[in-house]
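The values are calculated or read from the model by the stated rules, or taken from the named source; none is laboratory data. Just so it is clear, the structure is predicted and the values come from calculations on it, not from any experiment. Glycine also receives a Cβ, built like all others from the backbone with ideal geometry; neighbour counts cover every protein chain displayed. Just so you know, the surface numbers come from the protein's heavy atoms only, side chains and all, with ligands and any DNA or RNA stripped out. Shrake-Rupley method; radii C 1.70, N 1.55, O 1.52, S 1.80 Å.
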Amino acid sequence: MAEVLVTGGAGFIGSNFVRFALAHHPDWRVTTLDKLTYAGRRENLHDVMNDPRHTFVHGDIADAAVSAPLVEQSDLVVHFAAETHVDRSILAAGDFIKTDVEGTFVLLEAARRAKNLKRFIQISTDEVYGSVASGASVETDELKPRNPYSASKAGADRLAYSYWATYDVPVIITRASNNYGPYQFPEKVIPLFVTNAIDDIPVPLYGDGRQIRDWLHVDDHCRAVDLLIERGTSGEVYNIGGGNEVMNIDLTMKILSGLGKPQSLIKPVADRPGHDRRYCLDTAKLRAVGWTPQVPFETGLRESLEWYRANEWWWRPIKENDPAFRSYYQAQYERRT
Ligand code: NAD
Ligand code: DAU
């Protein structure tokens with residue numbers, strides 16, 4: 001059996017990856033380490049909490065007393081845990097530095113001591129390249145992060161690289177584009193707009209709505225990480241992009257028409273400060289390893305709309321009763337309107 005540590009496994013992508021890992025690797029024992037911040041939820045793992053091959057540990061990656069022994073006993077570490085929301089990083093950046101930079105440092109220090117570690121997958125982001133006016137980012141491009149979230153992720157990305165270059169920790173760095181799919185916390189654009197629209201609440205579109213994101217289905221992301229665990233090369237960076245460049249305004253129209261809701265729900269609001277205009281990834285390097293995205297955007301979006309429609313048990317308590325969501329939503333959108 002391989003011992004696999006998934007940090008941030010109670011979050012959106014992490015929980016999808018834990019489910020994927022247990023389903024595809026009968027010879028893996030998976031440990032989720034998660035602090036259960038506002039974004040981390042036991043419900044995201046409801047169907048695997050009692051799986052005998054899965055252990056859930058409630059703890060902070062930056063707390064070496066908890067995280068280091070888990071890393072030291074692992075064959076594989078997949079490090080998703082992070083503060084992830086750009087708008088929250090603009091309001092208050094401290095937790096981003098603590099978790100994304102210092103937390104990653106604590107895990108990497110433990111990885112130096114781990115005897116059986118074969119992979120340390122550092123989940124970075126396409127945001128480290130900054131806004132891309134034209135063309136597509138390749139892995140060797142300069143990093144130009146422009147908000148506190150992406151700057152902290154760039155710090156972790158390069159720190160992880162340095163632990164490969166200096167100490168031979170078997171690090172692989174992935175930089176994925178915008179993910180969508182089930183269990184995404186409903187303050188990110190797709191689940192926020194879908195769940196607002198279901199309730200006929202206006203959807204707050206930032207600025208002129210002509211910013212571009214490249215959408216990647218979370219299942220395609222999981223497949224890419226899984227392939228890189230198997231066939232990636234240590235010390236290398238791999239972009240993971242869905243190849244679905246969509247303007248925010250067009251995305252909003254698709255969501256509204258998919259739900260049978262009127263365009264009058266679109267509410268233009270003040271733009272995000274320093275809003276990156278466009279991200280775009282060149283994925284030739286990952287494709288050469290054998291990955292291609294399998295979920296067409298129209299299909300993935302339609303299925304996501306259906307998932308949020310069918311799973312109100314999951315998002316309605318967050319939106320209606322969770323103080324962390326409600327106070328953030330009020331502060332964020334009162335400011336903007
Ligand atoms: P998320 O916010 O849904 O989940 C983050 C998880 O990390 C939560 O479960 C949270 O409780 C946990 N966490 C936060 N701080 C922690 C700490 N100190 N110790 C332990 N656990 C902690 O995020 P996500 O969207 O699933 O993103 C996962 C990873 O993927 C992040 O590293 C993010 O930067 C990266 N990423 C996300 C996207 C995207 O579009 N969502 C795209 C590219 C890369
Ligand atoms: O590109 C990868 C990144 O994608 C990840 O690293 C981040 O963790 C993830 O949160 C995501 O960042 P974005 O800032 O792109 O995602 P978000 O869902 O917050 O916003 C997507 C786009 O939608 C962005 O251009 C801002 C816009 N937006 C967002 C919200 C929440 C709106 O117009 N209105 C909104 O209310």
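Laid out as a table, the results:
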| read-out | value |
| --- | --- |
| 17 Å Cα-Cα reach of Lys115 towards aspartates and glutamates, excluding residues that sit fewer than 8 places from it in its own chain | Glu3, Glu72, Asp75, Asp168 |
| Cα-derived Rg over Rh, computed across region 95-164 with Rh taken as Kirkwood radius | 1.03 |
| Added length on full extension, which subtracts the Cα-Cα distance from 0.36 nm per residue, Ala270 to Ala288 | 2.3 nm |
| Debye, to nearest 20: dipole size of the chain, +1 on Lys, Arg Cβ, -1 on Asp, Glu Cβ | 260 debye |
| Aspartates and glutamates with Cα under 12 Å of Lys98, excluding same-chain neighbours fewer than 8 positions away | Asp60, Asp63, Glu83 |
| Gyration tensor (alpha-carbon) shape descriptor, region 91-216, a/c threshold 1.5 | prolate |
| Phi to ³J(HN,Hα) by Karplus 6.51 cos²θ - 1.76 cosθ + 1.60 over region 3-9, Hz, x for Gly, Pro | 8, 10, 9, 10, 7, x, x |
| Distance in nm between pseudo-label sites at Arg113 and Ile90 (7 Å out along the Cβ direction from Cα) | 4.1 nm |
| From phi via Karplus (6.51, -1.76, 1.60), per-residue ³J(HN,Hα) for region 254-259 in Hz, x at Gly/Pro | 5, 5, 5, 5, x, 9 |
| Long pairs among Lys35/Lys144; Lys188/Lys261; Lys144/Lys267; Lys153/Lys267; Lys35/Lys319, criterion Cα-Cα beyond 22 Å | Lys35/Lys144; Lys144/Lys267; Lys153/Lys267 |
| On Cα atoms only, tilt of 104-113 relative to the major axis of the chain in degrees | 20 degrees |
| Inter-label distance, nm, simple model (7 Å from Cα along the C-beta direction), Asp141/Val66 | 3.6 nm |
| Angle in degrees between helix 312-321 and the longest Cα principal axis of the chain, rounded to the nearest 10 | 80 degrees |
| Rounded to 10°, Cα long-axis angle of helix 12-24 versus longest principal axis of the chain | 50 degrees |
| Carbon plus sulfur fraction of accessible area for region 238-328, probe 1.4 Å, in percent | 51 percent |
| Distance histogram for the chain (every C-alpha pair counted, 10 angstrom bins, percent rounded to whole numbers) | 6, 26, 37, 24, 7, 0 |
| Net lengthening on full extension, Ser162/Met1 (0.36 nm per residue, minus Cα-Cα) | 55.0 nm |
| Gain on full stretching of the segment that runs from Arg309 to Met49 - 0.36 nm per residue minus C-alpha separation | 91.2 nm |
| Estimated [θ] at 222 nm from DSSP helical runs (n ≥ 4, -39500 (n - 2.57)) normalised by residues in the chain, nearest 500 | -12500 deg cm²/dmol |
| Heavy-atom accessible area per residue - the chain, 1.4 Å, Å² | 40 Å² |
| The chain: relative contact order in percent, alpha carbon pairs under 8 Å with at least 6 residues between | 17 percent |
